1. Restricting attention to segment 95-113, which residues are of a type outside the set (A, V, I, L, M) and at pLDDT 95 or above?
2. Tell me, please, whether a residue that is assigned to a helix (DSSP H, G or I), closer than 30 Å to P178 by Cα, within 15 Å of the chain's Cα centre (by Cα) and without any contact (Cβ under 8 Å) to a residue 24 or more places away in the chain can be found in segment 91-109.
Amino acid sequence: MVTTIDSSTPITLFMDTGKIVITCLLVILAYGLGAISGAILVSRLFSLKDPRTSGSKNPGATNVYRIGGAIPAIITLVIDSAKGAIPVYLAITSELPELAQGIVALAAITGHMYPVYYHFKGGKGVATTLGAGLILSPPTTLFITACWIVIARKVRISSVASLSAALIAPFAAYILDPSYTVVYSILSIMIVFRHKDNISGLITGNEKRLDKPDL
C-alpha cells in the first residue's frame, strides 16, 4: 500500500532535499540578521547612551524611547521588526511548509535574544516577533499587537503588556490560525523567559514605566 501525503495538511512535515537546504540557509540568515541590534545602532547614530548600560539596560525599542525619545525608538522598532519579517518572507516565497517558516522565525528571534555579535546578550524579542509574525500570521499578530497596545496604554508598563500579549499568543493562534499554534506557543515561552528580570521588577515594584524618556 502506498501512503500519500495530503498537500492541504496545515503543517507539512516532509520536505525534499532542496527545501531542507533552503530552510537551513534561511535559518542561518535569520539568526545573523536577528543578531544585529537595532537599538545599539540607532543609539550610536543619535549619540545616545548605550541602551545596554542605561535605562532598563535592555537593547530594545522601549528602552531607546526611555533614553532618547520617540524618533530613535520608532527607527529601532522598524529595524528590529524587519529582522524578523525579511527571513520569514523569504521562507514563504520559497514555498516552505508552515513548520519550516516557523523555525526560520524562531531563528531570527533567537538571534535578537542571544546575538553572537554582542556576547549573546540581547533584547526581549518583542519587536522581532512582531515583524516575523506580521508575515507569518497577520490575523494572530494583529490581534496580539492590539492587546499589547490596549494593555500598555492602561498600565503604562511595557513588560506587563509584553508578558500579557505573550501569554495570549498561543490561544489567539489556535483560534485565528491553528497552523501556527505550536510556533506561537514556543515564542510565548521564549518571551516570558526573557522577561524574567522584569517579572522580578514587577514583584518588587521597581519596574520602569513608559511615562517619559530618561533624558
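The values are calculated or read from the model by the stated rules, or taken from the named source; none is laboratory data. For clarity, every value in this text was computed on a predicted model and none was experimentally measured. Every residue, glycine as well, gets a Cβ built from its backbone with ideal geometry; the counts of neighbours run over all protein chains shown.
1. T110, G111, H112 - these are the residues of segment 95-113 that are of a type outside the set (A, V, I, L, M) and at pLDDT 95 or above.
2. Checked against the condition, which is being assigned to a helix (DSSP H, G or I), closer than 30 Å to P178 by Cα, within 15 Å of the chain's Cα centre (by Cα) and without any contact (Cβ under 8 Å) to a residue 24 or more places away in the chain, segment 91-109 yields no hits at all.
Per-residue answers, yes or no, for (1) assigned to a helix (DSSP H, G or I); (2) of a type in the set (S, T, Y); (3) surrounded by fewer than 20 Cβ atoms within 10 Å (Cβ to Cβ):
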| position | (1), (2), (3) |
| --- | --- |
| G32 | yes, no, yes |
| I36 | no, no, yes |
| L41 | yes, no, yes |
| D50 | no, no, yes |
| P59 | no, no, no |
| T62 | yes, yes, no |
| R66 | yes, no, no |
| L77 | yes, no, no |
| S81 | yes, yes, no |
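Residue by residue, here is whether (1) surrounded by fewer than 18 Cβ atoms within 10 Å (Cβ to Cβ); (2) more than 16 Å from L136 (Cα to Cα) holds:
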position	(1), (2)
S158	no, yes
A161	no, yes
L167	yes, yes
A173	no, no
L176	no, no
T181	no, no
Y184	no, no
K196	yes, yes
